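Q: This structure is in structure tokens; I'll ask about it shortly.
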Amino acid sequence: MGDQCALSSANDSNSGPPVAVPALRWEELPEGPVLILLDQTRLPAAEVELVCTDVQTLVGAIRSLAVRGAPVLGLAGAYGVALAAARGFDVDDAAGLLAQARPTAVNLGYGVRRAVSAHRRALASGADAEQAAAAALAEARALHAEDAEASTRMARHGLGLLEKLSPGGGYRVLTHCNTGALVSGGEGTALAVALAAHRGGLLRRLWVDETRPLLQGARLTAYEAARAGMAYTVLADNAAGSLFAAGEVDAVLIGADRIAADGSTANKVGSYPLAVLAHYHHVPFIVVAPTTTIDLDTPDGASIDIEQRPGHEVTEISFPQAPVSEAGGGMLVTPLGAQAYNPAFDVTPPELITAVVTENGVASPVSAASLAALSPPCGPGHDQVMG
């Protein structure tokens with residue numbers, strides 16, 4: 001196991017830019033290259049960075065959710081391969097460990113494959129180990145830049161869709177989990193759309209689901225919203241229905257960890273009930289994700305592998321000031337020995353999704369054909385709205 005240490009925790013979490021410390025960054029230290037992660041389990045109490053000197057440490061950070069969110073997991077996967085290559089570890093072994101760290105997020109495997117392919121191409125062309133490692137790092141950096149650009153384009157397309165669906169602004173947007181700069185090389189996916197509306201003076205209120213059991217909304221989305229100066233309100237997940245009934249929601253914006261070929265979307269557990277509520281109340285339900293999250297090899301929602309998380313995340317409460325990763329380390333909130341059902345994600349069928357917003361345009365209605373038209377091999381310049 002490699003080193004994992006705190007570098008900083010001095011930033012004020014209530015002022016400044018949306019995220020003062022990037023979700024991840026590569027750094028060349030005198031003792032060798034490292035991948036540095038912002039430990040999201042410690043937010044909003046402290047901005048603490050973790051140093052990964054090997055893939056085993058990075059895998060542990062991925063599984064503990066120190067780094068999380070589909071797009072940034074793709075970056076972590078690519079940089080992890082580059083780290084293994086630069087440090088002289090077995091690249092294929094490292095790739096296997098990384099790709100299996102979290103099964104639902106398709107971007108993780110995508111990032112791993114891109115860096116591995118670059119490494120293999122370099123070796124096949126006669127490069128030495130150092131040159132091949134540099135090729136893997138260059139691919140990771142290219143993916144990082146692409147993700148940042150995709151974030152900008154998704155924000156533009158998403159805001160355009162909101163203006164089309166509800167002209168005049170004053171949007172009251174409900175979001176679930178965290179989809180901002182913490183999950184991206186740029187400003188995020190769904191939260192980037194809300195941020196664009198805020199900057200344009202069009203956002204009236206951001207409703208933030210707390211997102212039980214790990215509170216990614218209350219801890220992370222609220223952290224980003226506060227730093228950006230957005231008008232936001234945190235609510236218990238089970239209070240969302242009362243908001244819909246009161247007519248207080250104009251649109252739901254969520255991200256995605258995997259979108260199947262038919263449009264079925266896996267996202268943080270609790271997304272599917274929001275889709276049902278939105279459908280009943282005739283509120284647009286919009287998924288915002290890069291095309292790298294669309295998995296045309298997964299035919300439908302039933303084919304998506306849903307990660308099951310440890311039960312203690314439900315039966316115990318831990319606090320960011322003193323995080324725990326082992327059962328028994330938090331405050332018990334259930335009877336001792338209680339069993340817990342804790343899927344990390346649920347799946348929303350395409351008929352409940354108003355639109356999927358990508359960097360290449362908007363798929364609406366959501367179908368296999370509309371998604372395929374926006375997915376690779378389509379690239380930059382293929383902005384369009386399917387419908």
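Q: State whether one or more residues within the stretch 228-236 are at pLDDT 95 or above, under 22 Å from residue 343 (Cα atoms) and in contact with a Ser or Thr (Cβ under 6 Å, 6 or more places away or on another chain).
A: no
Q: Could you identify the single residue in 233, 221, 179 that is part of a helix (DSSP H, G or I), closer than 26 Å to residue 46 by Cα, polar (S, T, N, Q) and out of contact with any Pro (no Cβ under 6 Å at 6 or more places or on another chain)?
A: Result of the check over 233, 221, 179: 221.
Q: Quick one: in the stretch 240-263, of everything that is within 13 Å of residue 292 (Cα to Cα) and among the aliphatic types (A, V, I, L, M), which residue is farthest from the chain's Cα centre (by Cα)?
A: Of everything passing the filter in the stretch 240-263, 261 is farthest from the chain's Cα centre (by Cα).
Q: Now a separate question. Quickly run through the stretch 322-354 and pick out the residues that are in contact with a Gly (Cβ under 6 Å, 6 or more places away or on another chain), over 30 Å from residue 263 (Cβ atoms) and modelled with pLDDT of 95 or more.
A: Passing the criteria: only 340.
Q: When the residues of the stretch 152-180 are filtered to those that are more than 14 Å from residue 290 (Cβ to Cβ) and among the hydrophobic types (A, V, I, L, M, F, W, C), which remaining residue is surrounded by the fewest Cβ atoms within 10 Å (Cβ to Cβ)?
A: Of everything passing the filter in the stretch 152-180, 165 is surrounded by the fewest Cβ atoms within 10 Å (Cβ to Cβ).
Table: residues versus (1) crowded, with 24+ Cβ neighbours inside 10 Å; (2) out of contact with any strand residue (DSSP E or B) (no Cβ under 6 Å at 6 or more places or on another chain); (3) in a loop (DSSP other than H, G, I, E, B).
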| residue | (1), (2), (3) |
| --- | --- |
| 263 | yes, yes, yes |
| 266 | yes, no, no |
| 314 | no, yes, no |
| 351 | no, yes, no |
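Q: Identify, from the list 206, 123, 195, the residue that is modelled with pLDDT of 95 or more, assigned by TED's automatic domain parsing to the domain that holds residue 230 and in a helix (DSSP H, G or I).
A: 195
Q: Determine, yes or no, whether residue 86 is modelled with pLDDT of 95 or more, closer than 21 Å to residue 57 by Cα and touching a Pro at 6+ places or on another chain (Cβ under 9 Å).
A: yes
Q: Continuing with the same structure: Could you go through the stretch 245-255 and let me know if any residue there is surrounded by 23 or more Cβ atoms within 10 Å (Cβ to Cβ), touching a His at 6+ places or on another chain (Cβ under 6 Å) and either in the same structural domain as residue 191 (by TED's automatic domain parsing) or within 18 Å of residue 70 (Cβ to Cβ) (or both).
A: For the stretch 245-255, residues surrounded by 23 or more Cβ atoms within 10 Å (Cβ to Cβ), touching a His at 6+ places or on another chain (Cβ under 6 Å) and either in the same structural domain as residue 191 (by TED's automatic domain parsing) or within 18 Å of residue 70 (Cβ to Cβ) (or both): present.
Q: Now for a different question. Starting from the stretch 346-366, take each residue that is not assigned by TED's automatic domain parsing to the domain that holds residue 280 and list its partners that are assigned to a helix (DSSP H, G or I) and of a type in the set (A, V, I, L, M, F, W, C), counting only C-beta distances under 7 angstrom and pairs at least six apart or across chains.
A: none
Q: What number of residues within the stretch 54-102 are within 14 Å of the chain's Cα centre (by Cα), closer than 24 Å to residue 301 by Cβ and part of a loop (DSSP other than H, G, I, E, B)?
A: So the answer is 4.
Q: Next question, about the same structure. Would you say residue 156 is more than 16 Å from the chain's Cα centre (by Cα), charged (D, E, K, R) and closer than 16 Å to residue 26 by Cβ?
A: For residue 156, the condition - more than 16 Å from the chain's Cα centre (by Cα), charged (D, E, K, R) and closer than 16 Å to residue 26 by Cβ - is not met.
The values are calculated or read from the model by the stated rules, or taken from the named source; none is laboratory data. Note that the structure is predicted; figures quoted are calculated from it, not measured. Here the Cβ is made from the backbone with ideal geometry for all residues, glycine too, and neighbour counts use every protein chain on show.
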